[in-house]
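Below: one structure, written as structure tokens.
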């Protein structure tokens with residue numbers, strides 16, 4: 001295994017929701033990265049269950065992580081608990097979205 005969790009995170013930082021100018025990692029949409037002996041499992045969510053780009057973004061996450069960890073299989077699990085909220089965002093995301101004065 002020549003790759004690390006940091007390599008996976010770097011790949012995730014290349015994935016953006018077209019409606020939000022912040023990558024999914026800094027948005028806090030990725031809840032967990034499990035690196036097992038035979039697979040990588042990404043647990044992630046969305047800001048809303050009605051996100052019109054959900055399927056495309058899930059496929060993009062699988063693709064970018066697969067490119068890093070190949071030939072290790074990648075699974076992306078969509079989860080809704082706990083519900084996403086603004087507190088999951090990085091400071092960089094809050095600055096980008098001008099949410100620095102929102103009390104978070």
Find the percent of Cα-Cα distances in segment 5-96 that exceed 22 Å, and round it to a whole number. 22
With springs only between Cα atoms under 10 Å, which of 11, 70, 93 fluctuates most in a Gaussian network model of the chain? 70
Relative contact order of the chain: what whole-number percent is it, with Cα pairs under 8 angstrom and at least 6 residues apart? 31
Under 11 Å by backbone N from the virtual spin label 7 Å along Cα-to-Cβ at residue 33, the residues of segment 67-84 are 68-69
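Only the coordinates and a few stated rules stand behind these numbers; no lab work does. What you are looking at is a predicted structure, and each value in this text was computed from that prediction instead of being measured. Don't worry about glycine lacking a Cβ; one is built from the backbone with ideal geometry, like all the others, and counts go over all protein chains shown.
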